[in-house]
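Okay, structure first, notes after.
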Amino acid sequence: MNHPTAVPEASSPSPTGSAPAGRAPRRDSLGPVGLVLGGAVSVQFGGALAVSLMPRAGALGVVTLRLLVAALVLLVVCRPRVRGHSRADWGTVIVFGITMAAMNGLFYQSLARIPLGPAVTLEVLGPLALSVVTSRRAVNLVWAGLALGGVFLLSGGGFGDLDPVGVGFALAAGAMWAAYIVFSARTGRRFPQADGLALAMAVAAVLFLPLGAVESGTRLLDPTTLALGAAVAVLSSVLPYTLELLALRRLPASTFAILMSLEPALAATAGFLVLGQVLSPTETLAITLVIAASMGAVRTQAGRGKAAGVPVKPVKPVKKVGD
């Protein structure tokens, strides 16, 4: 859902509000850094809670509840204008919503089969690959090599300890995350503030509702399930989006993206504390390599942006308003 890399375009419709160059005092940045880390922790513990909810509602049911609650909150808060948009505007927001639905559905299918830490690590490869592809600097080959080394370690030479279907779902979710980044940027250019995000979330919720109803049926109406689903939506979407929005008003975008690179580690921590998912030393090293690759890619893109005199905006999947 997360975040970890940087591309030349904004990945979300939220304002960045980066601090001017040379005017980001360390003390002033501590508050925004805390907000970003708080949002990231909220996302991953929301994911852990979602895993614990799956036996009650199923993976598709959990995604349905999360998207529905998040959509309702965003629509009420943002109150997006639905008139006056062109056919191209609506086409963009609909594709954005489809991408968001696919990203969430695939990621939660992976969580139903493999631990949270490895799932997030594999998903991060999508934005990381996008960052490497959009940059022409040779140093990004180093970051790509680090990431591939981490994946090889994580796989144990063939993903023998991980469900290959879960691995496939996580990688597919990463590909959708990369697509999410592209269409999020396009939506942000066509809709003011977070209007496009709210409308896209509503599209994703409507698309997923039949899937959740088929898999879970009346279980979705159970009061406990509804309450837990709402908690997942708040922890994984509403709260982190709000915290990140506040942080980006005072925090340089490159710093934000580097902090987002820590998500695989936070996911592994949440998986251990909430779900008792213990990682082996090899898996821990693998996650560390992917984090290092993500941070390296972010710093490379940030350096490229400064050299060109253009601010670099972070890849931030509101997921993880979306994940």
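Accessible area per residue was computed with a 1.4 Å probe on protein heavy atoms; V139 scores about 60 Å². Taking 0.36 nm per residue of sequence separation and removing the Cα-Cα distance, the L209/R83 pair yields an extension gain of 42.9 nm. Computed from backbone phi with θ = phi - 60° and the Karplus coefficients 6.51, -1.76 and 1.60, the 3J(HN,Hα) list for region 218-224 is 6, 4, 5, 8, 4, x, 5 Hz; x is used for glycine and proline. Highest mean first, the peptides 193-200, 228-235 sorted by other C-beta atoms within 10 Å per residue fall in the order 193-200, 228-235. Per the Cα gyration tensor, region 95-235 maps to an equivalent ellipsoid with semi-axes of 29, 23, 11 Å, ordered largest to smallest.
The values are calculated or read from the model by the stated rules, or taken from the named source; none is laboratory data. For clarity, every value in this text was computed on a predicted model and none was experimentally measured. Neighbour counts run over all protein chains shown; Cβ positions are idealised from the backbone, glycine included. To get the accessible areas, we keep the full protein, side chains included, count just its heavy atoms, and leave off ligands, DNA and RNA. Shrake-Rupley method; radii C 1.70, N 1.55, O 1.52, S 1.80 Å.
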